[in-house]
Amino acid sequence: MVANGNVIGLIGSPNRDGRTNQLVSAALKGAARSGAPTELIQMADHVVAACKDCMPWVCKENLKCTYEDEAFEFLSQKVLNCGALILGTPVYWWDTSGLVKYLILKMFRVYASSAPLQGLSAFGIAIAGGTGNGLVSGLRPVYHFFQMMQMRAIEPLPVTRFNFDIALERAEERGEEIAKMALQRAPFKGLEERLLWYDALPYLGLSRAEERRLLADYTVQGLRSNDGAPLALGLARADELAAAGKSLDALVEITQVYDAGAKAYDAKDSKK
Ligand SMILES: Cc1cc2nc3c(=O)[nH]c(=O)nc-3n(C[C@H](O)[C@H](O)[C@H](O)COP(=O)(O)O)c2cc1C
């Protein structure tokens, strides 16, 4: 199947000019560098109504929600007709935003059976801009969406305020990467290939403890080396404890690193 090569970026935040916007815009900037036409879409302007899970389940046959929903019509047509999809969500309560979730649930109901998005390139970004908690769990519903719709997603981008600047660069790189995949859809040969593809993507399979370690690591990486070095040692100690089966002690150590790292980061940030 040949797509039209355009790359769309959905901002899944009610905050139109926040960090989600900055990250999705960075990804589109990278895509544009590859020569792809790009389009930025504010989901806040198109708020999808809750799926009523209505029966009989006719929408999977006529490919249209039975209820009037202009926002769903608009967004679903954009997604169905793009060459590649970038979806950015703010992390709320360690999860995706409602704007994003309501779109996903209705897309499942109407389109998951016929799978018209098979092989579409997709890239997901989640920004946990407060504590940083949920940087990975907030991404999972987005990648579950990609997987269920049989899209071919590239490496996700979990973002916090601690790794924000470097994440903007990563977003640009991945936007460029995805634009190169936008001309031709690449469907999976079967369910097994698709499941293994998604299992191979980083971050998504992390345990809660591993996710917290990643977050602590981001706070350390955001510091200058003389501030970060003792904290990096703390993370090494946590790894030793985990390897010795002392999971609780390891997680307590990780939390200490996180607390100290976040404090040092905020002190540095306030001097900017
Ligand atoms: C209702 C609500 C819940 C939030 N929950 C979390 C959270 O679980 N973890 C986190 O790090 N930040 C959380 N935040 C902070 C947002 O992730 C942060 O403000 C982010 O930058 C939002 O994206 P935006 O800049 O596009 O608005 C929450 C914010 C709101 C409004």
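The values are calculated or read from the model by the stated rules, or taken from the named source; none is laboratory data. Keep in mind the model is a prediction, meaning the values are calculated, not measured. All Cβ positions, even for glycine, are placed from backbone atoms using ideal geometry, and neighbour counts span all protein chains on display.
Being surrounded by fewer than 19 Cβ atoms within 10 Å (Cβ to Cβ) and under 30 Å from F162 (Cβ atoms) is true for just one of K29, K52. Which residue is that?
K29
Can you find a residue in the range 150-170 that is closer than 30 Å to M55 by Cβ, of a type in the set (S, T, N, Q) and under 17 Å from the mean Cα position of the chain (by Cα)?
yes
Of everything in the range 5-20, what is closer than 16 Å to A122 by Cβ and either over 17 Å from the mean Cα position of the chain (by Cα) or part of a strand (DSSP E or B) (or both)? Give them in sequence order.
G5, N6, V7, I8, G9, L10, I11
Can you confirm whether the range 134-150 contains a residue that is within 21 Å of A260 (Cβ to Cβ) and among the β-branched types (V, I, T)?
Checking the range 134-150: not a single residue is within 21 Å of A260 (Cβ to Cβ) and among the β-branched types (V, I, T).
Working only within the range 1-36, note down all residues that are of a type in the set (V, I, T) and within 8 Å of the ligand (Cβ to nearest atom). So that I can check it myself, show each step before the final result.
Going through the range 1-36, the residues of a type in the set (V, I, T) turn out to be 2, 7-8, 11, 20, 24.
Within the range 1-36, I11, T20 qualify.
Return the residues of the range 134-151 that are near the ligand (Cβ under 9 Å from one of its atoms) and touching a Leu at 6+ places or on another chain (Cβ under 7 Å); say none if nothing qualifies.
At the first step, the residues of the range 134-151 found to be near the ligand (Cβ under 9 Å from one of its atoms) are 134-135, 137-138.
Answer for the range 134-151, where residues must be near the ligand (Cβ under 9 Å from one of its atoms) and touching a Leu at 6+ places or on another chain (Cβ under 7 Å): just L135.
When the range 116-147 is examined, which residues are found to be in a loop (DSSP other than H, G, I, E, B) and of a type in the set (S, T, N, Q)?
Within the range 116-147, Q118, T131, N133, S137 meet the criteria.
Answer with yes or no whether A264 is farther than 21 Å from S137 by Cβ and either of a type in the set (F, W, Y) or surrounded by 18 or more Cβ atoms within 10 Å (Cβ to Cβ) (or both).
When the stated conditions are applied, A264 passes them.
Any idea how many residues of the range 73-94 are within 16 Å of the ligand (Cβ to nearest atom) and either closer than 24 Å to K60 by Cα or basic (K, R) (or both)?
1
Would you call L99 away from the ligand (no atom under 16 Å from the Cβ), assigned to a helix (DSSP H, G or I) and modelled with pLDDT of 95 or more? Please lay out each step first, then the result.
Working: away from the ligand (no atom under 16 Å from the Cβ): no; assigned to a helix (DSSP H, G or I): yes; modelled with pLDDT of 95 or more: yes.
Answer is no for this residue.
For the range 162-192, which positions are touching a residue at least 24 places away in the same chain (Cβ under 8 Å) and part of a loop (DSSP other than H, G, I, E, B)?
Result: F162, N163, M181, A182, L183, R185, A186, P187, F188.
Would you confirm whether or not the range 116-123 contains a residue that is within 11 Å of the ligand (Cβ to nearest atom), assigned by TED's automatic domain parsing to the domain that holds E39 and polar (S, T, N, Q)?
no
Across the range 189-205, what is the number of residues that are more than 14 Å from the chain's Cα centre (by Cα) and surrounded by 18 or more Cβ atoms within 10 Å (Cβ to Cβ)?
Final tally of qualifying residues: 1.
I'm told E61 meets every condition in (1) within 16 Å of the ligand (Cβ to nearest atom); (2) part of a helix (DSSP H, G or I) except one. Can you identify the failing condition by its number?
(1)
Which one is nearest to S25 (Cα to Cα), of the residues in the range 170-199 that are of a type in the set (D, E) and out of contact with any Gly (no Cβ under 9 Å at 6 or more places or on another chain)? Before the answer, list the steps.
The first filter runs over the range 170-199 and keeps only residues of a type in the set (D, E), leaving 172-173, 176-177, 192-193, 199.
Pick out the ones that are also out of contact with any Gly (no Cβ under 9 Å at 6 or more places or on another chain) and you get 192-193.
Values: E192: 34, E193: 31 Å.
Per the stated criteria, the residue is E193.
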